Amino acid sequence: MTGAEVLDIARDAIWVTVKIAAPTMLVGLVVGLVVALFQALTQIQEQTLAFIPKILSIFLVLLLTLPFMADAINGFMLRISERIISG
């Protein structure tokens, strides 16, 4: 296996990781900003108010995007398997 092949596999792995993590991270970011804005406008500084909506929204996004995540990981595994089989 050459250095270029190793870099290609690493690039593919990083891209799959970004594709899998992006929906969850973006929803967490948006919900966090909305809650922070709500806290700043109402001057409610309750710690649990920031975490409960984020946890629930991230859990919901994980449930909705689980098939996409499994498909992305499966595709990556198949590409790696093909490289192993082909030598």
Residue of 26, 62, 37 that the Gaussian network model of the chain assigns the largest fluctuation, springs spanning Cα pairs under 10 Å: 37
The stretch 4-87, relative contact order [Cα under 8 Å, separation at least 6], %: 43
Calculated [θ] (222 nm, deg cm²/dmol) that DSSP helices of n ≥ 4 give over the chain, each run adding -39,500 (n - 2.57): -34000 deg cm²/dmol
Projected-area mean, the stretch 3-86, by convex hull of Cα positions, square nanometres: 7.0
Residue-wise HN-Hα coupling along the stretch 45-54, computed from phi with Karplus coefficients 6.51, -1.76, 1.60 (Hz; x: Gly, Pro): 10, 7, 5, 5, 4, 6, 8, 4, x, 5
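A short reminder: the numbers here are calculations on the coordinates, not readings from a lab. This one's a predicted model, so the numbers in the text were calculated from it and none came from an experiment.
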